[in-house]
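Everything on this sheet refers to the single structure shown next.
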Ligand code: B1M
């Protein structure tokens, strides 16, 4: 079994401490941080999701896996967020109202910071008003919303509408992402961009802030 497979399996079993050790071992073996993230941690979490869907495991198991995921991400964080880049713009990110899933959103934050953007992390279960406030009071020029539940995707649309009502669309661009979200959905609610994963979120934010992005 490769170290990456061991990482995925250990995450599935929710073993936080051994997982952190395995991630360190993978780094010592010269495996790049992004590969450990994608083919170890995220692969393990995808398997957790499948097993949860099929009722092979239950909510406490998923929580343990999430805890282990964070233990692994903590080791990788300094490597994913390479220091030293100048600040390039202010991005407010959050998991939308009703949504407590924050691992993907936090990854997006880590990658954006690493690329030199200032990130205001609004946390999870973020109502539309709070996103609007981040533009009005904190000067965010990009709003990044994450949703993992099909039921919470509607909150993205509500946020876009609220930004429009308050005349904030000219001040901040809107990026959306998360497993059930798609390019088509993003277009249907009038978002400016959709990103499939954290790395492409960085590319999209660069375009939104520095390019024409439309
Ligand atoms: Co939940 N959960 N969960 N869960 N959970 C899912 C999402 C689910 C697909 C599992 C399943 O059935 N297979 C399912 C949703 C079904 C649906 O609506 N389509 C589900 C459910 C049903 C639930 C509950 C309702 C369960 C219950 O209570 N009965 C409940 C809801 C709670 C709530 O939010 N109100 C619930 C609870 C939980 C836990 C709290 C136990 C835990 C979350 C812990 C935490 O986040 N701190 C949890 C977890 C861990 C999952 C799974 C297993 C893994 C999610 C994850 O972190 N993936 C998930 C199954 C799955 O996704 N396969 C599942 C790893 C992460 C890196 O990926 O978040 O997709 P992801 O982020 C990706 C991309 O999506 C993208 O970048 C990241 C990769 O680089 N991305 C963005 C994400 N946000 C972005 C924003 C962007 C751009 C890209 O721009 C701003």
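As an exercise, use a Förster radius of 45 Å and the Cβ-Cβ distance of residue 136 and residue 62 to find the FRET efficiency, rounded to the nearest 0.05. Before the final figure, lay out each step's value.
Values: r = 36 Å, r/R0 = 0.80.
The calculated FRET efficiency here is 0.80.
Quick check: residue separation of residue 2 and residue 88 times 0.36 nm, minus the Cα distance between them. What number comes out in nm?
Values: separation 86, 0.36 × 86 = 30.96 nm, distance 3.86 nm.
Going from the current span to full extension adds 27.1 nm.
Evaluated at 20 °C with a viscosity of 1.002 mPa s, what Stokes-Einstein diffusion coefficient in µm²/s does the chain have when Rh comes from the Kirkwood expression over alpha-carbon pairs?
On the way: Rh = 17.7 Å.
D = 121 µm²/s.
Got a sec? How would 53, 158 order by Cβ neighbour count within 10 Å, fewest to most?
Values: 53 9, 158 16.
The order, fewest Cβ neighbours first, is 53, 158.
Need one number: nm distance between label points at residue 54 and residue 100, each 7 Å from Cα along Cα→Cβ, rounded to one decimal.
2.6
Run the quick spin-label model on residue 187 and residue 164: label points 7 Å from Cα toward the beta carbon, then report their separation in nm to one decimal.
Taking the simple label geometry, residue 187 and residue 164 are separated by 1.7 nm.
Any idea how far apart residue 207 and residue 74 come out in nm if each label point goes 7 Å out from Cα toward Cβ?
3.6
Using 0.36 nm times the number of residues separating residue 118 and residue 171, minus their current alpha carbon distance, what extension gain do you get?
On the way: separation 53, 0.36 × 53 = 19.08 nm, distance 1.63 nm.
Roughly 17.5 nm would be gained on extension.
Based on alpha-carbon centroids, what's the gap between region 86-137 and region 1-62 in Å, whole number please?
Distance between centres, Cα-based: 25 Å.
Here, each number is a calculation from the coordinates, and none is a lab measurement. Bear in mind that the values here come from a model prediction, so they are computed numbers and not experimental data. Cβ sites come from the backbone with ideal geometry, for glycine too, and all protein chains shown count toward neighbours.
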